[in-house]
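This report refers to the structure that appears directly beneath it.
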Protein chains: 2
Amino acid sequence: MDERAALRLLDADLPGAGDDAAIVDGLVVTTDMLHEATDFPAGTTRYTAGWRSVGASLSDVAAMGATATCAVAVYAAVELDETELSDFVQGARDVCEAVSAEYVGGDLDTHDEFTTASTAIGRTDDPVLRSGAQPGDLLCVTGELGRSAAAVRLFEAGEVERANDLFCFTPRVETGVALRDSATAMMDSSDGLARSVHQLAEASDCGFELDWDALPVHDVVSEVATDDADRRTLSTYFGEDFELVFTIPEDDLDTARAAASVQITVVGRATEGSDIIADGESVPDRGYTHGDD
Amino acid sequence: MDERAALRLLDADLPGAGDDAAIVDGLVVTTDMLHEATDFPAGTTRYTAGWRSVGASLSDVAAMGATATCAVAVYAAVELDETELSDFVQGARDVCEAVSAEYVGGDLDTHDEFTTASTAIGRTDDPVLRSGAQPGDLLCVTGELGRSAAAVRLFEAGEVERANDLFCFTPRVETGVALRDSATAMMDSSDGLARSVHQLAEASDCGFELDWDALPVHDVVSEVATDDADRRTLSTYFGEDFELVFTIPEDDLDTARAAASVQITVVGRATEGSDIIADGESVPDRGYTHGDD
């Protein structure tokens with residue numbers, strides 16, 4: 001059973017589960033485990049690990065259009081080194097501060113492999129789900145894609161400082177809140193844009209037409225990509241970018257752009273049916289799946 | 001650096017951290033990581049693991065005198081087996097149901113070692129901290145001690161069914177809520193009674209006199225203990241029992257007992273100074289510490 005099949009099982013009849021975060025009683029709650037082998041390339045500082053672990057959960061809060069209240073994290077390492085732990089906590093605190101949330105501590109554990117588990121909590125009485133896209137809505141993304149994929153390449157190349165900088169993304173909480181009255185469906189791009197669009201399509205029972213050339217690709221991607229196909233893989237399939245992917249009625253776009261604190265790019269449109277098409281070709285449902293590693 | 005030193009570092013200047021759960025904005029939040037090597041003896045079913053992981057976090061909510069709202073859990077295993085995952089989720093759901101909370105899903109991961117990370121959220125506007133004990137207050141515990149320690153012995157002896165039953169404890173949420181107006185300090189006994197009392201003493205700036213003979217020890221402890229010293233270790237130092245340890249003014253005891261849904265036993269009294277004494281001898285600050293494993 002791969003992770004997606006297992007997630008479906010996990011969510012089968014849980015009320016409030018199955019979106020980026022669970023919804024319960026005016027709260028949104030989301031939890032993520034990250035670990036060294038799959039999530040922290042050699043060279044990732046503990047500061048970056050703290051930022052990124054907690055940031056991944058805060059991104060899920062953002063994807064619900066919720067304000068971020070607080071986060072906790074478990075830090076599990078082979079040894080509990082004081083400097084490493086302090087750095088981790090500082091990264092966790094800083095990413096919380098970046099979205100006006102409070103980092104309120106967590107748990108510690110010793111473990112064979114450096115592992116983190118973070119949980120973020122947000123508030124909203126009217127969450128934006130994945131399921132509201134209507135044919136004709138514009139498909140948009142915030143910021144730029146490919147940032148994390150490019151960072152992994154930089155880690156491999158030994159450009160550790162730049163890679164760490166790129167790994168410390170700002171969760172789009174402020175923008176998520178700004179979009180909550182106009183976005184019809186929303187999620188984050190943690191599994192890659194391609195998979196995100198497939199997930200929006202499935203939840204909203206629609207299709208999408210994408211324009212590859214419209215994708216806002218981070219400058220570093222061109223620098224590290226070997227060719228156009230590689231550039232596509234890094235920007236579209238790798239994921240872990242934690243941008244918002246959302247749909248919005250065309251008439252609301254200008255207002256949304258004015259309200260959002262980051263760049264919003266139109267990358268396609270929701271359609272009738274269930275096909276996901278870009279430039280006349282089917283877009284594979286391929287992306288980041290832990291179970292496939 | 002052992003786990004306790006690291007926890008102090010983690011909590012050094014975090015507002016709302018350092019008690020059984022963090023407090024933020026009317027919520028209490030707590031997270032715990034458990035893993036096979038230290039927390040799930042051979043024979044522990046996935047149902048029990050789900051119950052116990054989420055239960056450990058709900059116990060921290062109980063220790064704040066809060067109602068339990070919801071819980072999430074990360075399930076990380078070597079392989080994602082459908083039956084095992086279903087069993088885990090059922091255990092998690094059942095322990096939530098036992099305390100009127102909602103289990104709202106979580107995350108999945110593949111990992112070298114079976115590992116869980118659970119987070120529970122509760123609500124209270126007036127949390128019971130560890131820091132309010134006054135000299136003269138009675139020291140009390142709920143339920144019976146030694147249950148988990150005895151279960152570990154039963155796992156070792158191959159009595160897996162009884163051991164799993166003992167491992168599935170009921171978090172004392174209902175009792176915690178019943179005690180919140182009268183308890184002056186409260187925590188759970190997850191690190192063992194001895195360590196809990198030391199922690200209450202440190203937070204409340206007081207000492208304690210305990211009466212060993214008054215301790216409510218679970219029947220199974222006598223069955224598995226090799227002698228009196230072993231019995232003491234299992235009931236007092238092993239921990240992981242998830243009972244409430246609290247202080248209360250003597251005049252409020254009868255009312256508290258009437259309100260609580262479980263047995264409450266007086267095991268000592270808060271004193272001036274900082275000594276922890278039982279039957280005239282100093283009680284060592286010894287208990288369950290992951291970092292010591």
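Just to be sure I follow: if Rg is taken over the C-alpha atoms of the protein assembly as shown and Rh is the Kirkwood radius over the same atoms, what is Rg/Rh?
1.01
Of A:Trp51, A:Ala68, A:Leu145, which is farthest on the positive side of the dipole of chain A, counting Cα position, with +1 on Lys and Arg Cβ, -1 on Asp and Glu Cβ, and the Cα centre as origin?
The residue sitting most towards the positive pole is A:Ala68.
Counting other Cβ atoms within 10 Å, keep those with at most 11, restrict to DSSP loop, and tell me which GluC sites (Glu not before Pro) in region B:228-293 are left.
Details: sites: B:Glu240, B:Glu243, B:Glu250, B:Glu272, B:Glu281; in loops: B:Glu240, B:Glu243, B:Glu272.
Answer by residue number: B:Glu272.
What percent antiparallel are the DSSP beta bridges of chain B, to the nearest 5?
On the way: 40 of 51 bridges.
Percent antiparallel among DSSP bridges in chain B is about 80.
At 0.36 nm per residue, and after removing the present C-alpha to C-alpha distance, how many nm does the segment from A:Ile277 to A:Glu79 gain when stretched out fully?
This chain segment gains 66.4 nm when fully extended.
Quick check: convex hull of the Cα atoms in region A:193-249, volume per residue, rounded to a whole Å³? Spell out each step's value before the answer.
On the way: hull volume 5.5 nm³, N = 57.
Value for region A:193-249: 97 Å³ per residue.
Whose amide H sits under 5 Å from the amide H of A:Leu129, counting only residues 5 or more places off or on another chain, with H placed in the peptide plane?
Residues meeting the criterion, in which the H sits 1.01 Å from N, are A:Met186.
With +1 on the Cβ of every Lys and Arg and -1 on the Cβ of every Asp and Glu, and nothing else charged, how large is the dipole of the protein assembly as shown about its Cα centre, in debye rounded to the nearest 20? Numbers along the way, then the final one.
Working: 36 positive and 118 negative charges, 158 e Å.
The calculated dipole for the protein assembly as shown is roughly 760 debye.
Helix-only estimate, please: 222 nm mean residue ellipticity of the protein assembly as shown, summing -39500 (n - 2.57) across DSSP H runs of length 4 or more and dividing by its residues, to the nearest 500. Provide the component values of the computation, followed by the final result.
Values: 22 runs with 206 residues, N = 586.
Taking each H run of at least 4 residues, the total per residue is -10000 deg cm²/dmol.
Which one, B:Val173, B:Val128, B:Val104, projects farthest toward the positive side of the charge dipole computed for region B:74-216 from Cβ point charges (K/R +1, D/E -1)?
B:Val128
Shape verdict for region A:3-123, please, from the Cα gyration tensor: rounded (a/c under 1.5), prolate (a/b greater than b/c) or oblate.
Oblate is the answer for region A:3-123, as a/c is 1.5 or above yet b/c matches or exceeds a/b.
Once all Cα-Cα distances of region B:72-111 are split into 5 Å bins that start at 0, what whole-number percent is in each one?
6, 25, 30, 22, 11, 5, 1
How are the Cα pair distances of chain B distributed, in percent, across 5 Å bins from 0?
Once binned at 5 Å, the Cα pair distances of chain B give 1, 6, 12, 17, 19, 18, 14, 8, 3, 1, 0, 0.
Rounded to two decimals, what ratio of Rg to Rh does region A:138-292 give with C-alpha atoms and a Kirkwood Rh? Numbers along the way, then the final one.
Details: Rg = 15.2 Å, Rh = 15.7 Å.
So for region A:138-292, dividing Rg by the Kirkwood Rh gives 0.96.
Every read-out reported here was derived from the displayed coordinates using simple, explicitly stated rules and does not represent laboratory data. This one's a predicted model, so the numbers in the text were calculated from it and none came from an experiment. Please note: Cβ atoms are built from the backbone with ideal geometry, for glycine as well, and neighbour counts cover all protein chains shown.
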